[in-house]
Structure formats: structure tokens, C-alpha cells
Amino acid sequence: MDIEDILKKIYYQTKTNHDGKLATYIPQLGRTDPKLFGISLCDIDGKIYNIGDTKNSVPIESISKLFTLALACKKLGTKTVYDKIGTGGSFLPFNSIIAAKLSPTHTINPYLNQGAMATTSLLYDSNQDKYKEKLIKNMSEFADRKLQVGESVYKSESETHDLNMSLAYLLKSLNRFYGPVDKVVDAYTYQCSTKVTSQDLAVMASVFANAGIHPKTKERLLEKEDCIYILQTLQPEGLYEYSPTWMVKTKGASYAKSGVGGGILIVIPNVGGIGIISPKLDKFGNSVRGIQAGIKLSNILGRKIFKNKKTRKNKK
């Protein structure tokens, strides 16, 4: 299988799709170059393939939720995380106050904003600088390089995060938030403003594809059981309301997490990680090109659920 040819073919098939809109509700994201498009793949041996705008970065946004969850599982254990955050589903948008209020757990799951901020609160440190640095350092270990926060995006998001503050205060009133609201929401906003390229996302995803061992450094960042838990919770929620459609269209071969900055991270177990950046989003908040290319790649590279076996004919 020639990975370079596959990426090239899918890149050019998808590049002509100009649908979608930028996430203008965060002013700085509305200034992103809408033409950016890059696809990267890092296999479980650490080999990297790139095509397109793979050196340009976008804010990681909601993809950061995956790594904060990983850190919480690593430090507290999956049982504690499950008890305090949960893995429920929601048919409402990722930042819905109604969903948070009506859900039995209120936090719902680690990938909606309410559950993601509650997960970040599990890691609270009274030293705010150390607290924020801990979150960025964790993601940097997955990326195998020191990631940087986009200060302009951080400032823009900090000025427009009233809804997140409301969600956090609601959870606090319901005893489902585990740190000071203002400090935690600030740290959450900071982690979401981290800049990543498609290659960063591919390398970060490859750790999950390799059962917790970093394909490049060979260091174990997560236990295999934690990886399984994280991916199982990701599959029904990683792309918000589009998640069930992704599961059907990819035949369950891959796990994906999107961010409104235009990035998509895809994990194909035992194969590798894929990172795609393309900032124009669909109505759910997922990259239009990222979804299109991701489905194609998942179906080509993903493992089959059932292998065809030759049946022996009964001899008469």
C-alpha cells in the first residue's frame, strides 16, 4: 500500500470542496486563511507522510479535550474520571446549557464543553501558571515537540467565553465542578488556544493508535487500558452530533476528534494517526474537508471488522 499515493489522491479529490464557514463567533478564528488544507499521517513505526499546508498551524480548540482526559485518566484512573465526568450522550450542541441542566450527570461526557471543563478542573493547581503549563506540557509530549499557545486566539477567546463561564457555574452549583470556576475556565481557554499543525495532530494521534506508546520516542505515555477507555468514549462523541454518521460511514474503523479551529485528529488502531487542517466548518463545527478526507482514509486504511473466510463445500 503506497501511503504517499493515497494521501495525494485524496488530497486533490477533497481540495475542490469549498463548502463551509469559518468559526466567526470567536473573532480571531474568523481571520484564519480559509484556503488552508493539509493532511499528515504518522504510522505506528513513526514514519510521517505529509501533503499540502502541513507547516501552517491552527488553534487546537476542542481536540485538546482528548489530551486533558488522557492526563486525568493517567493521574486519577479511569474509574474516578468516569464517576466524576461520565460518558453520556447528547443530541444537543456541544455547549448547550439545557443539555447540562437536564442530563442526569450534568457533565455528560469529556468531549462536550461542560464535561471537558470539568475534566480540566480535576487537574487544578493553585499555581495558575503551573496549572496552565502542565496542560500544554502534556500535549507537547504527545506531539514530540514544545507546543506554543497563540496569544491572539487566547485573548479573543477569553473575551468571548461567557457561555463557558455560565456552564461552569451551573456545574459548580450542581457539585460537578472540581476547582475555582474563573481559574479553570481560564486554563481551559488557554489549552484550547494551543497552535498545532496537521503533522502535530498526526503524531499525537499515533500514540493512541499504538496503544499508548509513542511511535517516535518509544516512551509509554498511557497504559493500554486507558487508551481503550479514551477511544471507547470518543467514538460516539468526538464529532458532536455528526459522530453516529461518522461511525457508520467509516464502519467503526477509526476514532476522530474535531476542533472549531479547523483541525481533525483521527486514530486508526494498529495503523497510525491522521491529522487534517482545513478551517471551513460544517453546521456541527467539524472541518468540511477534514470529514470528507477522513472518511476516505479511514475506509482505505482501517482494519476490516470481519475477514472473509473461504467456506468448504460439503462433499457428497
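Derivation of every value follows stated rules applied to the coordinates shown; laboratory data play no part. In this text the structure is predicted, and so the values were computed from the model without any measurement. Cβ atoms come from the backbone with ideal geometry, glycine included; neighbour counts cover every protein chain shown.
Descriptive notes on the structure:
- Region 34-57 residues near the modelled Lys8 label - backbone nitrogen below 13 Å, point 7 Å along Cα→Cβ: 50-52
- Among 27-33, 209-215, 64-70, the order from most to least packed when residues are scored by Cβ within 10 Å on average: 64-70, 209-215, 27-33
- Highest GNM mean-square fluctuation among Pro279, Pro180, Pro236, for the chain modelled with Cα contacts below 10 Å: Pro180.
- Projected label distance in nm at Asn56 and Gln148, using a 7 Å step from Cα toward the beta-carbon: 1.8
- Point-charge dipole on Cβ atoms (K/R +1, D/E -1) for region 3-301, about Cα centre, debye to 20: 240
- Distance between region 202-219 and region 130-146 - C-alpha centres, whole angstrom: 15
- The base-10 log of I(q)/I(0) for the chain, evaluated at q = 0.06, 0.07, 0.11 Å⁻¹, reads -0.19, -0.25, -0.61 [Debye formula, identical scatterers on Cα atoms, solvent excluded].
- What the Cα atoms of region 160-214 give is an Rg and a Dmax of 15.7, 40 Å.
- Peptide packing: for 265-274, 14-23, the average count of neighbouring Cβ atoms within 10 Å per residue gives the ranking 265-274, 14-23, highest mean first.
- The chain: angle of helix 224-234 to the longest principal axis, Cα-based, in degrees nearest 10: 80
- Three principal axis lengths of region 9-48 [C-alpha, angstrom, descending]: 39, 22, 12
- Shown for region 138-229 is the translational diffusion coefficient from the Stokes-Einstein equation, using the Kirkwood radius over Cα pairs, a temperature of 20 °C and a viscosity of 1.002 mPa s: 142 µm²/s.
- 16 Å cut-off, amide nitrogen to a point 7 angstrom out along Lys183 Cα→Cβ, residues in region 114-147: 118-135
- Helix 162-173 and the longest principal axis of the Cα set of the chain meet at an angle near 80°.
- Projecting the Cα atoms of Thr80, Ser96, Thr197 onto the charge dipole of region 77-214 (Cβ charges, centred on the Cα centre) puts Thr80 farthest toward the positive pole.
- Angle in degrees between helix 181-192 and the longest Cα principal axis of the chain, rounded to the nearest 10: 30
- Once C-alpha pairs closer than 8 Å and six or more residues apart are averaged by separation and normalised to the residue number of the chain, the relative contact order reads 26 percent.
- When the chain is described by a simple charge dipole with +1 on each Lys and Arg Cβ and -1 on each Asp and Glu Cβ, the residue from Gly263, Ser173, Thr250 located farthest towards its positive end is Thr250.
- At full extension, Lys79 and Asn17 could sit 18.1 nm farther apart than now, given 0.36 nm per residue minus the alpha carbon distance.
- Size of region 8-126: Rg and Dmax of its alpha carbons, in Å, are 18.0, 50.
- Highest average packing first - 223-231, 294-302, Cβ atoms within 10 Å: 294-302, 223-231
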